[in-house]
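The values are calculated or read from the model by the stated rules, or taken from the named source; none is laboratory data. In this text, all values refer to a predicted model and were calculated from it rather than measured experimentally. The area values use the complete protein model at the heavy-atom level, side chains included, leaving out ligands, DNA and RNA. Shrake-Rupley method; radii C 1.70, N 1.55, O 1.52, S 1.80 Å.
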Amino acid sequence: MDYLAMNELGLADQHGSFRGRMGRNKRTSYDETGGYKSKNLHAERRRREKLSNRLLTLRALVPIITNMNKGTIIEDAITYIQELKKNVEALTDMLQEMEASSSEEETKTRVSEIDASEEMKQCGIKEDVQVSNIDGDKLWIKIILEKKRGGFGRLMEKMACFGLELIDSNVTTSKGAMLVTACVEGAFGDNLTVQQTKELLTQIIKGI
């Protein structure tokens, strides 16, 4: 192809040199490759910064770090997590043992209370409340109720809540029953009547 033809097609510059498509393609390819590498470098920097931040967070969570390099931080974190896992397993075993022991104790208590109730019935013993005057505002009480674990403590608590103060008391248990005898008076200086006190005590022992 002569110069005139190339000039008409726009493939020759003012000095007559050949300006082909390959030159433009090379420049375009170079520009695209450079941009791609630049994007990769930015992405790699962000990835490394993110990884460093996560390692710093991990280092802050692990109480003992033997060395500050990345590999050691990860190894120490793994060791710490394994120790935590062992502690969790040990505590879980202890909790299961405590729950089993508590359940067994509750079962024994229920069986004991059932036995006490049956024994009372077989012996013809019934729950009962007796109240009488002894001196001034003081009353003498006699209570027969089923023997239950913690029953006497709950009886005292409820009597105190209702303003009954024990001056002297005696507790005996026999044949599945608990016998409580005591002198009581009003904790706040109230005058206690026989009938009201009997009704109150009867209500209390039904709730125990």
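Couple of notes before you dig in:
- Glu127 contributes an accessible area of around 90 Å² to the protein surface, as traced by a 1.4 Å probe with all chains present.
- Area accessible to solvent at Ser52, 1.4 Å probe radius, in Å²: 50 Å²
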